[in-house]
1. Is it the case, given these coordinates, that LEU77 is among the hydrophobic types (A, V, I, L, M, F, W, C), closer than 19 Å to LEU103 by Cβ and in contact (Cβ under 8 Å) with a residue 40 or more places away in the chain?
2. Could you list, ordered by first residue, the pairs with Cβ atoms under 9 Å in which the first is in region 16-34 and touching a residue at least 40 places away in the same chain (Cβ under 8 Å) and among the aromatic types (Phe, Trp, Tyr) and the second is loosely packed, with under 14 Cβ neighbours inside 10 Å and not in a loop (DSSP other than H, G, I, E, B), at least 6 apart or interchain?
3. Take region 60-100 and flag every residue that is of a type in the set (A, V, I, L, M, F, W, C) and under 23 Å from ASP22 (Cα atoms).
4. For the condition of a type in the set (Asp, Glu), farther than 21 Å from ALA1 by Cα and modelled with pLDDT of 95 or more, what is the one hit in ASP61, ASP40, ASP110?
Amino acid sequence: AELGAHAVHCFSGITPPGTPPDTAWKRLTEAITPVLEAADRSGVPLAIEPEPGHLLATLADFHHLRGLLGDPGPLGLTLDIGHCQCLEEATPLECVKESAPWLRHVQIEDMRR
């Protein structure tokens with residue numbers, strides 16, 4: 001907040017080999033909860049980015065995390081338009097429209113499908 005940041009950007013990280021999905025999601029929710037509490041206190045939202053190969057890789061995964069956490073206000077989304085192009089069934093424009101309530105940061109890159 002003191003730096004004037006509009007959001008703090010992060011990733012979920014990859015799931016270690018052999019880790020059951022339920023365990024990975026539990027670890028993520030436990031790790032991110034104190035960060036969200038700090039984001040709430042500071043007024044600077046946390047913007048998590050779906051990243052190919054990570055536990056949270058798609059917009060559906062973002063919404064899954066929101067549900068696990070009880071839809072906390074400080075949890076926002078970093079949307080990478082290139083990732084929409086290569087991973088999502090929806091078009092990039094549809095991804096932006098559907099994600100609008102949670103968008104805190106958008107990245108644009110040139111990418112072929």
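The values are calculated or read from the model by the stated rules, or taken from the named source; none is laboratory data. Predicted model, so just to flag it, every value in this text is computed and none were measured. Glycine gets a Cβ as well: all are built from the backbone with ideal geometry, and neighbour counts include every protein chain shown.
1. Answer is no for this residue.
2. Qualifying pairs under 9 Å: TRP25/LEU68.
3. Answer for region 60-100, where residues must be of a type in the set (A, V, I, L, M, F, W, C) and under 23 Å from ASP22 (Cα atoms): ALA60, PHE62, LEU65, LEU68, LEU69, LEU75, LEU77, LEU87.
4. ASP61
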